[in-house]
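Student: Have a look at this one.
The values are calculated or read from the model by the stated rules, or taken from the named source; none is laboratory data. Remember, it's a predicted structure, so these values are computed and weren't measured experimentally. Note: ideal-geometry Cβ built from the backbone for every residue, glycine included; neighbour counts use all protein chains shown. Calculation scope for accessible area: heavy atoms of the full protein, side chains included, ligands and nucleic acids excluded. Shrake-Rupley method; radii C 1.70, N 1.55, O 1.52, S 1.80 Å.
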Amino acid sequence: NMSPMKLCVPGDRLCSTEDCMPGTGVYLRHGYIYSSLAGYVLRKNEGEELPVISVVRETEAQLLPDVGAIVTCKVTCINPRFAKVHILYVGSTPLKDRFRGTIRKEDVRATEKDRVETYKSFRPGDIVLAKVISLGDVQSNYLLTTAENELGVVVAHSEAGAQMVPISWCEMQCPRTHAKEFRKVARVQPEYLQA
């Protein structure tokens, strides 16, 4: 079993040799294990007395969403209780594997939680910025929240198929038809939308 990964740079002191055994991408000095490259720290319990600690380069790491991580996801379906999403990125790193997530009705926003309606917050196909609040079960279904100003829908397309423009924290507008649609809008930096 692998614990969530931490980023490190060369020379980071990872742990004492009393707590871990050195794996790859690390070196020993004065009873401590240090990282020898920039990447992710992996601790694996392989049935030995001590976990083996290794560092793998970012490109080799199978990144896993961690609690507190900001993730970019795409809404796949909604019902009155929650929205189901596919997690596409952790931070700015694309995921190789499909991870599924759920945004429950009570985790959509911080205020007036009892008045949240999921279909006025998200629609299938929306790209949403969310934060991981608990790790997945066997189906790798992560619990996510958008209950912060910076979190919520960042890209949405209108019924007419145009990319909508946010006009408030709860509405977006189609530039083609000028129709307004309800969303839980993320207050994002403009440069994010250009990406």
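Student: Would you mention how many residues in region 87-109 are closer than 16 Å to THR145 by Cα and either open to solvent by 40 Å² or more (accessible area, probe 1.4 Å) or outside any strand (DSSP E or B) (or both)?
Tutor: Start the filter on region 87-109 by keeping residues that are closer than 16 Å to THR145 by Cα, which leaves 87-91, 99-109.
Retained after the next criterion (residues that are either open to solvent by 40 Å² or more (accessible area, probe 1.4 Å) or outside any strand (DSSP E or B) (or both)): 88-89, 91, 100, 104-109.
Of the residues in region 87-109, 10 are closer than 16 Å to THR145 by Cα and either open to solvent by 40 Å² or more (accessible area, probe 1.4 Å) or outside any strand (DSSP E or B) (or both).
Student: Can GLU148 be described as out of contact with any helix residue (DSSP H, G or I) (no Cβ under 9 Å at 6 or more places or on another chain) and either without any contact (Cβ under 8 Å) to a residue 24 or more places away in the chain or open to solvent by less than 10 Å² (accessible area, probe 1.4 Å) (or both)?
Tutor: Taking the combined requirement at face value, the residue does not satisfy it.
Student: Going by the structure shown, is VAL185 in contact with a Phe, Trp or Tyr (Cβ under 7 Å, 6 or more places away or on another chain) and over 28 Å from LEU7 (Cα atoms)?
Tutor: So VAL185 fits the description; yes.
Student: Still on this model: So, in region 71-84, exactly how many residues are more than 11 Å from the chain's Cα centre (by Cα), assigned to a strand (DSSP E or B) and not charged (D, E, K, R)?
Tutor: Summing the residues that are more than 11 Å from the chain's Cα centre (by Cα), assigned to a strand (DSSP E or B) and not charged (D, E, K, R) in region 71-84 gives 6.
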